[in-house]
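Below: the structure, in structure tokens.
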Amino acid sequence: MTPIVVRRGYTLIEMLAFITASVTLMGVSMALIHSAFNAERSLRGQLARRQAFDRLAESFRRDAHTAEQVSIVTDPPQCVLGGEGQPSIVYRLKQGQVVRDVRQGEKLIASVAFPLPRHGTVEFHQQEETGHSLVSFTLMSEPVEGVMLEPKTCRICVKALLGRDAMAASLLVPQSTSSEPLGEKP
């Protein structure tokens, strides 16, 4: 009879095969985790840029609605909104940002910078429509090679009616100062 041999451990080859498989799995998982972190960082940056643009659009609309006058310069792109007794608000392009400056005369009161997308440009326009002045702000960005999560081309236009708040206030003031009660006249 042959004696039965009881194995009490693993051979060197089995241990090397296990270590190789473990290292391979760890390498693949680390690559997946790294790409997930890169995607999250890129999406967070896109969200931050979108929120900044939303704040810029809201500021531009609010400023145009309260302004009485507009002056637009094309090179460099600049839009000046204001009126009698109002501070002038200047939107201008500066080093990849749209800067909103609030000035009272020559004195700078406040300045806020809004980042543009990569390779972004800005245009300001003024149009006359039905007796009212329409001011528009157009943001354009070109596609970036090698960046997968960036949009191909971005073109966003924000339009605002110049002096809308002043027009709405004039509509609220009654035209007649008559003290007759409302209702049918005989």
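The values are calculated or read from the model by the stated rules, or taken from the named source; none is laboratory data. Since the model is a prediction, treat every value here as computed from it, not as a measurement. So basically every Cβ, Gly included, is an ideal-geometry build from the backbone, and we count neighbours across all protein chains shown.
Just need a number here: residues in the range 127-138 that are in contact with a Leu (Cβ under 7 Å, 6 or more places away or on another chain) and either buried (at least 16 other Cβ atoms within 10 Å of the Cβ) or at pLDDT 80 or above (or both).
Looking only at that region, the number is 4.
Test each condition in (1) at pLDDT 70 or above; (2) aliphatic (A, V, I, L, M); (3) surrounded by fewer than 17 Cβ atoms within 10 Å (Cβ to Cβ) for Leu81 and report the one that comes out false.
Failing condition for Leu81: (3).
Which condition number does Val70 fail, the rest of (1) within 27 Å of Gly82 (Cβ to Cβ); (2) assigned to a helix (DSSP H, G or I) being met?
(2)
Would you pick out the residues in the range 4-22 that are loosely packed, with under 10 Cβ neighbours inside 10 Å and at pLDDT 95 or above?
none
Any idea how many residues of the range 1-47 are over 30 Å from Leu116 (Cβ atoms) and part of a helix (DSSP H, G or I)?
Qualifying residue count, the range 1-47: 22.
Could you grab me the full set of residues in the range 58-77 that are surrounded by 14 or more Cβ atoms within 10 Å (Cβ to Cβ) and of a type in the set (A, V, I, L, M, F, W, C)?
If the condition is that a residue be surrounded by 14 or more Cβ atoms within 10 Å (Cβ to Cβ) and of a type in the set (A, V, I, L, M, F, W, C), then Phe60, Ala64, Ala67, Val70, Ile72 are the ones that fit.
Of a type in the set (A, V, I, L, M), over 16 Å from Met140 (Cα atoms) and either modelled with pLDDT of 90 or more or under 20 Å from the mean Cα position of the chain (by Cα) (or both): is that true of Val73 in this structure?
No: the conditions fail for Val73.
Go through the range 76-124 and report how many residues are under 25 Å from Arg49 (Cβ atoms) and of a type outside the set (Ser, Thr, Tyr).
31
Keeping to the range 85-131, report how many residues are among the aliphatic types (A, V, I, L, M) and under 16 Å from the mean Cα position of the chain (by Cα).
7
Let's see how each residue does on (1) touching a Gly at 6+ places or on another chain (Cβ under 7 Å); (2) on the phi > 0 side of the Ramachandran plot; (3) of a type in the set (D, E, K, R); (4) at pLDDT 85 or above:
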residue	(1), (2), (3), (4)
Leu32	no, no, no, yes
Ser35	no, no, no, yes
Ala39	no, no, no, yes
Leu47	no, no, no, yes
Arg50	no, no, yes, no
Arg55	no, no, yes, yes
Arg61	no, no, yes, yes
Val90	no, no, no, yes
Leu93	no, no, no, yes
